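K.L.:
Let me begin by handing over the structure; questions about it come next.
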Amino acid sequence: MIPFQSLAQTYGTPLYVYDFDAMKEQFETLKEAFRGRKSILAYAVKANSNLSVIKHFASLGSGADCVSIGEVRRALMAGIPAYKVIFSGVGKRDDEIREAIASDILYINVESEAELGRVEMIAQELNSKARISIRVNPNIDPKTHPYISTGLHDNKFGVEINAAKRMYIRAKNSEHLDPVGIHFHIGSQLTQLEPIYEAAVIVADLMRSLSAIDIDLKFFDIGGGLGVRYNDETTITPYDYAQAILGAIKGLDVTILCEPGRFLTANAGYFLTKVLYEKQNGQKRFVVVDGAMNDLIRPSLYNAYHRIEALDKSGEESLADVVGPVCESGDFLAKEYPLPMLEHNDVLVVHSAGAYGFGMGSNYNTRGRSAEVAYEDGQARLIRSRESFDDLIALEREYL
Ligand code: LLP
């Protein structure tokens with residue numbers, strides 16, 4: 001049991017708390033599902049990019065999936081070896097490509113023909129050979145929220161099969177490109193196996209047809225996306241996930257690369273916020289708290305559900321909107337949520353906040369971002385200080 005009450009008093013609120021033991025358990029469960037196969041779990045740093053979180057995964061043998069050079073730097077700084085770092089993303093700048101090649105990371109996931117050209121040119125400038133993988137868009141509906149669906153031609157990600165083929169041939173014939181992998185990622189918070197299997201079959205077929213023309217790729221990169229339980233949804237088990245992938249790649253001698261983000265961190269994270277006021281507008285009950293959309297934007301942005309627990313409170317519950325101090329009607333952590341009557345300084349624990357929580361935070365309304373705490377082996381430690389007003393204005397004050 002994590003002592004939320006005392007953590008809220010010691011570190012103040014709003015506060016993120018991460019259960020490092022739970023993260024480890026998730027990592028090991030997924031790793032175990034691929035046991036006996038060559039596989040790398042490359043933690044998707046975007047889900048939670050705190051350096052101590054990345055370092056924790058590094059200590060478990062994780063690689064890192066990064067989508068900016070900033071994330072690549074974080075991963076390397078936290079101790080992930082360069083040979084387990086990959087760099088994905090639909091719009092990489094020249095300087096990012098240059099640094100990625102110079103850092104000798106495992107590969108760059110290329111997302112367009114134009115980008116392949118840039119990577120080749122930059123590798124030539126550096127007198128180097130860039131290891132690449134190509135992100136294939138298999139045109140599969142992943143059946144998740146449209147904002148986190150990425151594997152349809154309507155989405156900006158990846159390239160069609162035919163374009164991918166052309167690109168592999170070009171890469172194979174280039175002195176400065178070394179095609180080593182193939183990649184797909186059809187979406188996030190996937191709770192159905194079928195679309196993943198279908199996509200894996202399409203991509204594995206492409207890999208076989210490339211092999212027939214002497215282009216042998218080593219890495220089969222299945223992206224991330226494994227869904228978790230926020231409420232009562234049924235989702236995919238790591239075992240079934242692994243079995244589906246293994247079924248699709250039958251006969252291929254590849255290293256599986258998997259980029260889990262949410263699966264590793266979501267349910268290991270908690271967002272603690274204190275009640276400021278109870279308020280009634282007509283029939284409508286509001287619980288005003290000190291955390292807001294700038295701390296945790298998922299409810300506002302995706303209408304996402306996060307379980308909320310009122311610590312050490314009981315009594316009859318009635319429906320309330322849990323809202324923050326930000327000046328937007330869209331600033332809420334929950335709508336019509338059953339809660340007991342609350343008082344000033346009562347602590348609410350927002351569950352499943354370890355993925356895409358802090359990382360999507362902002363300073364909107366000149367609110368400093370929350371502190372972050374790791375909880376491991378019964379001990380808590382600060383892993384990011386609360387932002388101060390001085391931090392917020394540091395890059396402006398000299399121009400005043
Ligand atoms: N690999 C690639 C290429 C990705 O685009 C993503 C996530 C992942 C791996 C990790 O996916 P995961 O295992 O976490 O599902 N902010 C949204 C989620 C955006 C996901 C973006 N890409 C949310 O809060 O639901």
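The values are calculated or read from the model by the stated rules, or taken from the named source; none is laboratory data. No experiment lies behind these values; they were computed from the predicted model shown. So basically every Cβ, Gly included, is an ideal-geometry build from the backbone, and we count neighbours across all protein chains shown. Ligands, DNA and RNA are stripped out before the accessible areas are found, and what is left, the full protein with its side chains, is counted by its heavy atoms. Shrake-Rupley method; radii C 1.70, N 1.55, O 1.52, S 1.80 Å.
K.L.:
Relative to the compact-globule scaling 2.2 N^0.38 Å, provide the ratio for the alpha-carbon radius of gyration of the range 34-260.
P.N.:
In units of the globular-protein estimate, the range 34-260 measures up at 0.96.
K.L.:
A follow-up question, please. Please find the FRET efficiency linking Q192 to R307, where r is the Cβ-Cβ separation and R0 is fixed at 22 Å, and quote it to the nearest 0.05.
P.N.:
Given R0 = 22 Å and the Cβ-Cβ separation, E is 0.50.
K.L.:
Any idea what angle helix 161-172 forms with the longest principal axis of the chain, computed on alpha-carbon atoms, 0 to 90 degrees, nearest 10?
P.N.:
Approximately 60 degrees, to the nearest ten.
K.L.:
Among N137, N162, N345, which one shows the biggest mean-square fluctuation in a GNM of the chain, springs joining Cα atoms closer than 10 Å?
P.N.:
Highest fluctuation of the listed residues: N162.
K.L.:
Continuing with the same structure: Please give the FRET efficiency for M1 paired with Y239, using the beta carbon to beta carbon distance and R0 = 41 Å, rounded to the nearest 0.05.
P.N.:
After rounding to 0.05, the efficiency reads 0.90.
K.L.:
Could you work out how much longer the chain between I393 and R229 gets when fully extended? Use 0.36 nm per residue separation minus the Cα distance between them, nm to one decimal.
P.N.:
55.2 nm
K.L.:
Taking the Cβ of G359 as the centre, find all other residues whose Cβ is under 12 Å away and add up their charges (Lys, Arg: +1; Asp, Glu: -1).
P.N.:
Within the 12 Å Cβ shell, the charges total +3.
K.L.:
Strictly over 22 Å apart at the Cα level, which of K274/K313; K24/K250; K46/K156; K143/K284 would you flag in this model?
P.N.:
Beyond 22 Å between Cα atoms: K24/K250; K143/K284.
K.L.:
Enter the angle in degrees (range 0 to 90, nearest 10) between the Cα long axis of helix 113-125 and the first principal axis of the Cα atoms of the chain, meaning the one along which they spread out most.
P.N.:
In the chain, helix 113-125 runs at an angle near 70 degrees to the longest axis.
K.L.:
Report, in degrees rounded to the nearest 10, the 0 to 90 angle that the Cα long axis of helix 193-212 makes with the longest principal axis of the chain.
P.N.:
The answer is roughly 20 degrees.
K.L.:
Can you send over the carbon and sulfur percentage of the accessible area for the range 34-260, probe radius 1.4 Å, protein chains only?
P.N.:
That share works out to 48 percent.
K.L.:
Let me ask you something else. Could you calculate the FRET efficiency of H145 with E175 from 1/(1 + (r/R0)^6), where r is the beta carbon distance between them and R0 is 51 Å, rounded to 0.05?
P.N.:
0.75
K.L.:
Of the candidates G261, G12, G357, which one comes out as most mobile in a Gaussian network treatment of the chain with C-alpha springs shorter than 10 Å?
P.N.:
Of G261, G12, G357, the most mobile in the Gaussian network model is G12.
K.L.:
Which of Y230, V275, I245 sits closest to the plus end of the dipole of the chain, meaning its Cα is farthest towards the positive end, when Lys and Arg get +1 and Asp and Glu get -1 on the C-beta?
P.N.:
I245
K.L.:
Report the gain in length on full extension from L252 to K38: 0.36 nm times residue separation, minus Cα-Cα distance, nm rounded to one decimal.
P.N.:
75.9 nm
K.L.:
For K274, K165, K172, give the ranking by accessible area with the largest first, probe 1.4 Å.
P.N.:
K172, K165, K274
K.L.:
Here's another thing I want to ask about it. Put a dot 7 Å past each Cα toward the Cβ at M121 and E343; how far apart are the dots in nm?
P.N.:
Distance between label points: 6.7 nm.
K.L.:
So, counting K/R as plus one and D/E as minus one, what does the shell of residues with Cβ under 12 Å around D391 add up to?
P.N.:
Around D391, the charge tally is +2.
K.L.:
Which value in nm describes the separation of the simple spin-label points at Y277 and A212, placed 7 Å from the Cα toward the beta carbon?
P.N.:
The modelled label-to-label distance comes out at 7.0 nm.
K.L.:
Show me, for the range 240-251, the HN-Hα J-couplings you get by feeding each phi into the Karplus relation (A = 6.51, B = -1.76, C = 1.60, θ = phi - 60°), rounded to Hz, glycine and proline as x.
P.N.:
Residue by residue, the range 240-251 yields 4, 4, 4, 4, 4, 5, 4, x, 5, 9, 2, x Hz.
K.L.:
Now, a different point. In Å², what does the accessible area per residue of the chain work out to with a 1.4 Å probe?
P.N.:
Using a 1.4 Å probe on heavy atoms only, each residue of the chain averages 44 Å².
K.L.:
In addition: Have a look at the DSSP beta bridges in the range 34-260 and tell me what percent are antiparallel, nearest 5.
P.N.:
Approximately 5 percent, going by the DSSP bridge assignments.
K.L.:
GNM, the chain, Cα, under 10 Å: largest mean-square fluctuation among K31, K84, K284?
P.N.:
Answer for the Gaussian network model of the chain: K284.
K.L.:
Considering Cα pairs under 8 angstrom that are at least six residues apart, work out the relative contact order of the range 45-160 and quote it in whole percent.
P.N.:
Relative contact order here is 18 percent.
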